[in-house]
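Enquirer: One structure, pasted below without further comment.
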Amino acid sequence: MSATYQSIAEGIAEQIRTGKLPPESKIPSEKDLQLRYGVSSSVSRAAIALLRSQGLIYSRQGKGSFVSPRWKPVPKSTHNGHPVEAADTQPGKVIAVDLSEGLPPEDVAQLLQLPPTAKVQKIEYRVEYRGGDVSHLIEITQHYELISPDAEIDPRDLHNPDPIARQARSGVDITQVHETISARMPTADEGHLMDIPPGKPVMEVQRIYYCHARVVAVSKSLLRSDRVVLNNIHDIAH
């Protein structure tokens, strides 16, 4: 009987949990898994996708998939470097991160002033809140950033969802951030993914990061309005 994508993913997950595959180590490629288990490309691809959705690995286009750094619960989850408190002030936890390179959405490409075929670095974070025996996905944030093609991602950047610090390590100083917060009803897919009760809206937060007159990064966040409180502090220079 052929291996299933679930059994393949569980075998790799066990190696990650026991430390046989340590953080930042490369896992077998789709082709390697096909040859090792005698499965089709769709099965090996599904196994890797499952591990990615569980936050155990992240992928880099053209370079393969790697074991994610170990995440630890934080006193308060952060939204682009700013505190995001769960509605009852309990800790949030980043449960999944995905690093990739690809074409950005059309509106992001326009903000970044990119030609149609230009690619950007995308980092997606998912934040979960656990209350008692119940877990809630309360935030999905996607960062789109201009990064040098030759630049290697710093492991610290996967621990810190703050684009300002990430850009600074690439020699780019953020001079201004434009933030837009809006509310709307979730789509059916969003409601199912985040387990949003009927009639509850979501908050959308978009931030545009400038280095003087040039846009160098854009972030888009979706948050459960009934589970988070945005608490931003703005220092005013005199």
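Enquirer: Trypsin sites (Lys or Arg not before Pro) within region 1-53: which are DSSP loop residues with at most 13 other Cβ atoms inside 10 Å? Don't skip to the answer; put the middle values down first.
Expert: Working: sites: R17, K20, K26, K31, R36, R45, R52; in loops: K20.
Within region 1-53, the qualifying trypsin sites (Lys or Arg not before Pro) (loop, at most 13 other Cβ atoms within 10 Å) are K20.
Enquirer: Okay, moving on. Would you pull out the residues with amide H under 5 Å of L21's amide H, same chain only if 5 or more places away, H placed 1.01 Å from N?
Expert: I16
Enquirer: Further question on the same structure: Using 5 Å bins from zero, what percent of all Cα-Cα pairs in region 5-67 falls into each bin?
Expert: Each 5 Å bin holds this share of Cα pairs: 4, 20, 33, 28, 14, 2.
Enquirer: Here is a further query. Which pairs, out of K26/K63; K26/K119; K63/K220; K31/K63; K63/K122, put more than 19 Å between their alpha-carbon atoms? Could the numbers behind the result be given before it?
Expert: Values: K26/K63 9 Å; K26/K119 23 Å; K63/K220 26 Å; K31/K63 13 Å; K63/K122 15 Å.
From K26/K63; K26/K119; K63/K220; K31/K63; K63/K122, over 19 Å: K26/K119; K63/K220.
Enquirer: A further question follows. Among E145, E204, which comes first, second and so on when ranked by fewest other beta-carbon atoms within 10 Å? Could the numbers behind the result be given before it?
Expert: Numbers: E145 21, E204 14.
By the 10 Å Cβ count, ascending, the order reads E204, E145.
Enquirer: Next up: Contour minus end-to-end for S182 and S42, with contour as 0.36 nm per residue of separation and end-to-end as the Cα-Cα distance? Show your work: numbers first, answer last.
Expert: Numbers: separation 140, 0.36 × 140 = 50.40 nm, distance 3.86 nm.
Working it through step by step, the gained length comes to 46.5 nm.
Enquirer: Follow-up. Can you give me the convex hull volume of the Cα atoms of region 191-232, divided per residue and expressed in Å³? Write down the numbers at each step before the final one.
Expert: Values: hull volume 3.3 nm³, N = 42.
Looking at region 191-232, the number lands at 78 Å³ per residue.
Enquirer: Now for a different question. Just add up the charged neighbours of P201: K/R +1, D/E -1, any other residue whose Cβ is under 10 Å from the Cβ of P201.
Expert: Details: positive: R184, K200, R224; negative: E204, D226.
That works out to +1.
Laboratory data are not the source of any read-out in this text; all were calculated from the coordinates shown. All of these numbers come straight from a predicted model, not from anything done at the bench. Please note: Cβ atoms are built from the backbone with ideal geometry, for glycine as well, and neighbour counts cover all protein chains shown.
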